[in-house]
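J.: Below are the structure tokens for one structure; questions will follow.
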Amino acid sequence: MELFQQIAPLRERLRELRRQGKSVAFVPTMGNLHQGHLELVRQAQQVADIVVVSIYVNPTQFGEGEDFEEYPRTLERDRVKLDESGATILFAPTDAEIYPPDSHSGGAAGRSLLTQVVVPGLSDILCGASRPGHFTGVATVVTKLLNIVQPDIALFGEKDFQQLMVIRRLVEELNLPVRVVGVPTWREEDGLAMSSRNGYLTPEQRRQAPTLYHTLQWICRQLEAGSKDFSRIEAQGEERLREAGFSPDYLSVRDAATLQPAKPEVGLVVVVAAAVLGSTRLIDNCVANLR
Ligand code: AMP
């Protein structure tokens, strides 16, 4: 696997590979890689000749008081994992490469750009309501990474359902020439969605953590069995989470196509939740077909 930290040599190498007729798949990450990330890489290998993975802990998607400083940076270990997984290129840019020093200050690490990609309707609800500016940070950096790598296909996890929708939307509306592919959530054996943040959990919290997914599954089963009283089900789900020691941020039945509150006649719904366990904020979702 080749490692690039700067944009210009990466672009040069990718130009060369494209001249040879190679197709490119791209998997953007923040590193501290787990099996979920590697599943994205595995699927990327099936759809393109070249797999580019980026590792970049993007300061502008972290809010004030969030875990930007503590976020695990494990580049050497990640590099070994990616090498073994068969990725072709690792792009691990420096901050100065993504946010050049002359850019205006702002954001958690005092860096941001004058140009931002904002997807208002999708960015200020659910996780965006609790994390103002988060999705603008994500949308802006993902747009930059897509422009830098110019992949044929980019893969994102369905675990971050709202993020995937924001990215699909910006790609469509800005006519970015890339196919966005969503990859199903990879889970631990007990159902907990794999996440770099699971490492923050104490052993006791780790035992409680799968309750988030089990609660979502319970709700999806109720919905598929015909239950239409969404607000009652949401309240019951939140209660289950509280009993397991979570502080729910939101738990909501949404239209899977728009992320707006689901109407009883809608076909496909996504039940999305974010809840804090100790000081760790976990998110998860499940999709139910009501037809
Ligand atoms: P992150 O490093 O958390 O920014 O995640 C990088 C990519 O991996 C995003 O597209 C995530 O949605 C995806 N991802 C993270 N965890 C999982 C998981 N458990 N299963 C599938 N994809 C995941």
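Read-outs: derived from the displayed coordinates by stated rules, not from any lab. The shown structure was predicted, so the numbers you read here are calculated from the model rather than taken from an experiment. Glycine also receives a Cβ, built like all others from the backbone with ideal geometry; neighbour counts cover every protein chain displayed.
J.: Quick one: if you stick a label point 7 Å off each Cα along the C-beta vector at Glu84 and Arg207, how many nm between them?
T.: 3.0
J.: Same structure, new question: Around Ala8, what is the net charge, scoring Lys/Arg as +1 and Asp/Glu as -1 over all other residues with Cβ under 12 Å from its Cβ? Don't skip to the answer; put the middle values down first.
T.: On the way: positive: Arg11, Arg13, Arg15; negative: Glu12, Glu97.
The answer is +1.
J.: How much length would be gained if the chain were fully extended between Met1 and Arg73, taking 0.36 nm per residue of separation minus their Cα-Cα distance, in nm to one decimal? Show your work: numbers first, answer last.
T.: On the way: separation 72, 0.36 × 72 = 25.92 nm, distance 1.92 nm.
Taking 0.36 nm per residue and subtracting the Cα distance, the gain is 24.0 nm.
J.: Under 18 Å from the 7 Å Cα→Cβ point of Glu172, by amide nitrogen: which residues of region 116-131?
T.: What the label zone holds, given the 18 Å backbone N cut-off, is 118-125.
J.: Another one. Under 5 Å between amide H atoms, partner at least 5 residues away or on a different chain: which partners does Met30 have, H built in plane at 1.01 Å?
T.: Those lying under 5 Å, H to H, from Met30 are Tyr56.
J.: Residue by residue, what Karplus-based ³J(HN,Hα) values in Hz, rounded to whole numbers, does region 17-25 have, using 6.51, -1.76 and 1.60 with θ = phi - 60° and x for Gly and Pro?
T.: Values per residue, Gly and Pro as x: 5, 5, 4, 7, x, 7, 8, 10, 10 Hz.
J.: Then there is this: For region 231-274 and region 28-86, what is the centre-to-centre distance using only Cα atoms, to the nearest Å?
T.: Taking the Cα centre of each part, region 231-274 and region 28-86 sit 29 Å apart.
J.: Moving to a separate point now. Starting with the fewest neighbours, write out Thr280, Thr211, Thr115 ranked by other beta-carbon atoms found within 10 Å of each beta-carbon.
T.: Working: Thr280 18, Thr211 22, Thr115 9.
Ordered by Cβ neighbours within 10 Å, fewest first: Thr115, Thr280, Thr211.
J.: According to a simple spin-label model (label point 7 Å from Cα along Cα-to-Cβ), what is the distance in nm between Lys263 and Asn147?
T.: Placing both labels 7 Å beyond Cα along the Cβ direction yields 3.8 nm.
J.: Subtracting the Cα-Cα distance from 0.36 nm times the residue separation, let me have the gained length for Arg15 to Val47 in nm, one decimal. Walk me through the intermediate numbers first.
T.: Working: separation 32, 0.36 × 32 = 11.52 nm, distance 1.89 nm.
Result for the pair: 9.6 nm of gain on full extension.
J.: Provide the per-residue ³J(HN,Hα) series for region 61-68, in order, calculated from phi with Karplus coefficients 6.51, -1.76, 1.60 and θ = phi - 60°, each as a whole number of Hz, with x at glycine and proline positions.
T.: Calculated HN-Hα couplings, in order: 9, 9, x, 3, x, 8, 8, 4 Hz.
J.: Over the chain, calculate the relative contact order: mean separation of alpha carbon pairs under 8 Å at least 6 apart, over the residue count, as a percent. Mind dumping the intermediate values first?
T.: Numbers: 503 pairs, mean separation 46.2, N = 291.
About 16 percent, as a whole number.
J.: Here is a follow-up. Take Val181 and Arg291, extend 7 Å from each Cα along the Cα→Cβ direction, and tell me the distance between the two endpoints in nm.
T.: 2.5
J.: Where does the longest stretch of the chain lie that holds no GluC sites (Glu not before Pro) found in a DSSP loop with 11 or fewer other Cβ atoms within 10 Å?
T.: Working: sites that count: Glu64, Glu69, Glu70, Glu189, Glu265.
Longest run free of exposed loop sites: 71-188.
J.: Sticking with this one: Once phi is turned into ³J(HN,Hα) by the Karplus curve 6.51 cos²θ - 1.76 cosθ + 1.60 with θ = phi - 60°, what whole-Hz value does each residue of region 151-164 show in order, with x for glycine and proline?
T.: Using θ = phi - 60°, the values come out as x, 6, 9, 10, 10, 9, x, 6, 4, 9, 4, 5, 4, 4 Hz.
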